[in-house]
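These notes are about the structure you will find just below.
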Amino acid sequence: MSSDQFPFNHYLHSGYAHPITRSWQGDSTILKSQLIYPIFVTDQSNTKNEIKPLPGNYQLSADQVLVDFLTPLVQKGLRTIILFGVLLNNESKDLTGSAASNDTASPVIKSLKLIRQNFPQLCIACDVCLCAYTSHGHCGITHDDGSINNAESIKRLAEVSLSFAQAGAHIIAPSDMMDCRIGAIKKALFDGGFGSKVAVMSYASKFASSFYGPFRDAASSGAKYGDRACYQLPPASRSLALRAALRDAEEGADFVMVKPAGPYMDIIREVKNNVNLPMCCYQVSGEYAMIYHASAAGAMDLKTSVLESLLCLKRAGCDIFITYFTPQLLEWLPL
Ligand code: PBG
Ligand code: ZN
């Protein structure tokens, strides 16, 4: 067959036959500085509990145990963590989640002070939500009938945010999904003198997802009645996800987030195309568990599938990655 009978214009392999020409087909660089590692800190002392459904991840007490855990990771290039407070003592939980902002009761506040002292270069984000601190396990303050009292909730979330800023947080990351809390938090930070120093990363497009299952064990933050479907977004909704991101950007968010990540890649692209902010994706606990357990069972290769999962998020538009695979990625990524 001579070349003029041949549909040579439809042949693609030639463009990526060499490793270098393959690398020109899309930007696949992910930097260690784009990773955020979730850290669970407890109200206990001198304890480290492995989180069963998240092998390799631990509930850490906010003392030397936390420092010893972070030290090798920081040496390998860890730049940012996100702190989650965990109350293992249920008696500390109440209707308004008062322990969250209490200097002596809050594991997050204790950790902030400790980490700022021991790791001055580390950037510290704090998840802000009430579910780990409320007796009912919902993410806000409720009316007597159990429904969310939005006005009281955002007041309380703003209080908690300010207390984290005062203790040394660099980034406030509200995950509660109450309406208009970004504006309320921004105002509290400004009034408290942190307006130009502390960033707000909004869990803007956060869906009501079954992929959070392992996390609720990790943070002991499951709802005691009902579910979160009246404040987290319906998984089928594209328009609400976009409205939430646009609204939070308008209220002053410095970063927006899509969560979960892998199953919601179309939303990542949609938000990226419409919101002019750096975008973070949360590869959540269930996504970690899927990849981890599938590779442990020999069904796929851990390193290749983790790298591919992040690369695809980047292609979809993600700039910043929250992932439980951060310790492994610090070994695998070159920079
Ligand atoms: C708290 C919160 C959750 C996650 C992050 N912050 C759980 C939830 O909303 O039920 C999930 C993270 C994960 O699954 O890794 N609001
Ligand atoms: Zn919550």
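Tabulated values for the structure
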| item | result |
| --- | --- |
| Cα-based reach from Lys303 at 19 Å (exclusive), listing aspartates and glutamates while leaving out same-chain residues under 8 positions away | Asp27, Glu287, Glu331 |
| Options Leu31, Gln166, Thr142, ranked by Cα towards positive dipole end of the chain, top entry (Cβ charges) | Leu31 |
| For Thr142, distant residues with modelled amide H under 5 Å away | Asn149 |
| Gain in span if fully extended, Asp27 to Asn90, counting 0.36 nm per residue against the direct Cα distance | 18.0 nm |
| Selected from Pro235, Leu329, Ser45, residue furthest toward positive end of dipole (the chain; charges at beta carbon) | Leu329 |
| Candidate lysines for bridging to Lys187, where Cα separation is under 20 Å - those fewer than 8 sequence places away on the same chain excluded | Lys155, Lys197 |
| Electrostatic dipole magnitude of region 199-335 [Cβ: Lys, Arg +1; Asp, Glu -1; Cα centre; debye, to 20] | 260 debye |
| Student exercise, region 100-222 dipole from Lys, Arg, Asp, Glu Cβ charges, in Debye to nearest 20 | 480 debye |
| Listed residues Ala125, Ala249, Ala17, most fluctuating in the chain (Gaussian network, C-alpha, under 10 Å) | Ala17 |
| Using alpha-carbon coordinates, inclination of helix 181-191 to the longest axis of the chain, degrees | 60 degrees |
| Size of electric dipole in region 267-335: Cβ of Lys, Arg +1 and of Asp, Glu -1, about Cα centre, debye, nearest 20 | 160 debye |
| 0 to 90° range, to nearest 10: angle between helix 150-167 axis and the chain longest Cα axis | 80 degrees |
| Trypsin sites (Lys or Arg not before Pro) restricted to region 35-96 and DSSP loop, no more than 15 other C-beta within 10 Å | Lys76 |
| Chymotrypsin sites (Phe, Trp or Tyr not before Pro) within region 224-292: DSSP coil, no more than 15 neighbouring Cβ in 10 Å | Tyr225 |
| Efficiency of FRET from Cβ geometry, Asp266 and His293, R₀ 25 Å, rounded to 0.05 | 0.45 |
| Cα long-axis angle, helix 265-274 against the chain (0 to 90 degrees, to the nearest 10) | 80 degrees |
| Residue (of Ile268, Ser295, Tyr282) at the positive-pole extreme of region 236-335, dipole from beta-carbon charges | Ile268 |
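Bear in mind these aren't lab numbers, they're just calculated from the coordinates by the rules spelled out. Here the structure is a predicted model, which is why all the values come from computation and not from measurement. Reconstructed Cβ throughout: ideal geometry from the backbone, glycine too, with neighbour counts over all protein chains shown.
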